[in-house]
Amino acid sequence: MTGILIQLLLSWGIIWLAERKDLGVLGLYPSRKRLTGSLFLFLLTAACCASGFLMRMIFAKQQWQLNPGLNPLAILNGLWWNLKSVLFEELIFRGVLLYILIKRAGMVYGILISAIAFGVYHWFSHEVFGNYTQMAITFLSTGLMGLVYAYAYSRSFSLYLPAAIHLGWNITQSVIFSEGNIGDQLLVLQKPVPQVTLSYFTFFLIIYLPLISAIVLNFLFMRRWRPVEQP
């Protein structure tokens, strides 16, 4: 949490020196519209992410079960870890720097630069730098989601909406279905894992349809969001 507080302090310093503004540009005030919109986007994105696991159950015959060693404290730690990691990334890539980019370079360029930086960052956070195939896949998937996050900020000038989308995906994947770097959480994959031959089309659906649906549906929702004037 100390790191988040340091980020907020640095953000305040940057936005004050660059624009003579305060952290109000992050839209942190919890209005009803922001909270209800964030809840909807969180659930929408969580459903998109969960659809991939549902397809794995249907087509790949995989099954998830309640973690036999379930520890409520571990779940809380997993949720807290996700919250901190999302806040860390949002403050960097959709925080005051994106606000400054939008104001000085325009909305389109600001969103693109933010998304590209987000994709490149994941080469290192996912430890795929040097593996060119994985770098391309990682850049494409995280960069596209970065576009959605940045677009959500540009429409609302608030971190609530991009953070809600971000959390919806990450919590579903790592806490509910235990696929991440925080260990077993709520549900775990039953062993042995069935060996099922899938067509390339089915494999593509399982891997990419949840991501594509999350990108498209969130984008469509944000297009209907009444844009907020730049603070």
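The values are calculated or read from the model by the stated rules, or taken from the named source; none is laboratory data. A quick note: this is a predicted structure, and the numbers were derived from the prediction, not measured. Using ideal geometry, Cβ is built from the backbone for each residue, glycine included, and neighbour counts are taken over all protein chains shown.
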Worksheet item: Across the range 29-46, what is the number of residues that are more than 20 Å from Asn170 (Cβ to Cβ) and not charged (D, E, K, R)?
Response: 4
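To keep it simple, each residue is scored yes or no on (1) under 13 Å from Ala46 (Cα atoms); (2) surrounded by fewer than 15 Cβ atoms within 10 Å (Cβ to Cβ).
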site	(1), (2)
Tyr160	no, no
Ala163	yes, no
Asn170	yes, no
Gln185	no, no
Val196	no, yes
Leu205	no, no
Ile215	yes, no
Asn218	yes, no
Phe221	no, no
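In the range 131-150, what residues are under 17 Å from Leu217 (Cα atoms) and surrounded by fewer than 23 Cβ atoms within 10 Å (Cβ to Cβ)? Show your work before the answer.
So in the range 131-150, the residues under 17 Å from Leu217 (Cα atoms) come out as 141-150.
Passing the criteria: Ser141, Thr142, Gly143, Leu144, Leu147.
Return yes or no: is Ala50 under 22 Å from the mean Cα position of the chain (by Cα), surrounded by fewer than 19 Cβ atoms within 10 Å (Cβ to Cβ), closer than 30 Å to Pro194 by Cα and modelled with pLDDT of 95 or more?
On the way: under 22 Å from the mean Cα position of the chain (by Cα): yes; surrounded by fewer than 19 Cβ atoms within 10 Å (Cβ to Cβ): yes; closer than 30 Å to Pro194 by Cα: yes; modelled with pLDDT of 95 or more: yes.
Criteria met by Ala50.
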Discussion item. Residues to consider are Ser114, Ser158; find the one that is within 22 Å of Gln230 (Cβ to Cβ), outside any helix (DSSP H, G or I) and out of contact with any strand residue (DSSP E or B) (no Cβ under 9 Å at 6 or more places or on another chain).
Written reply: Ser158
Item to complete: Identify the residue in the range 54-73 that is among the aliphatic types (A, V, I, L, M) and part of a helix (DSSP H, G or I) and, among all such residues, is farthest from Phe203 (Cα to Cα).
Response: Leu73
Worksheet item: Does the range 66-101 hold any residues that are in contact (Cβ under 8 Å) with a residue 60 or more places away in the chain and either of a type in the set (Phe, Trp, Tyr) or in contact with a His (Cβ under 6 Å, 6 or more places away or on another chain) (or both), and which are they?
Response: Trp81, Val86, Phe88, Tyr99
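Tell me, please, whether a residue that is in contact with a helix residue (DSSP H, G or I) (Cβ under 7 Å, 6 or more places away or on another chain), among the aromatic types (Phe, Trp, Tyr) and either in contact (Cβ under 8 Å) with a residue 60 or more places away in the chain or not in a helix (DSSP H, G or I) (or both) can be found in the range 121-131.
First pass over the range 121-131, keeping only residues in contact with a helix residue (DSSP H, G or I) (Cβ under 7 Å, 6 or more places away or on another chain): 122-123, 126, 128-129.
Next, only the ones that are among the aromatic types (Phe, Trp, Tyr) stay: 123, 129.
Narrowing further to those that are either in contact (Cβ under 8 Å) with a residue 60 or more places away in the chain or not in a helix (DSSP H, G or I) (or both): 129.
Yes, the conditions are met somewhere in the range 121-131.
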Worksheet entry | Candidate set from the range 92-106 (those that are crowded, with 16+ Cβ neighbours inside 10 Å and over 10 Å from Tyr153 (Cβ atoms)); member that is farthest from the chain's Cα centre (by Cα) | Lys103
Item to complete: Take the residues in the range 108-130 that are β-branched (Val, Ile, Thr) and within 16 Å of the chain's Cα centre (by Cα), then tell me which one is surrounded by the fewest Cβ atoms within 10 Å (Cβ to Cβ).
Response: Ile116
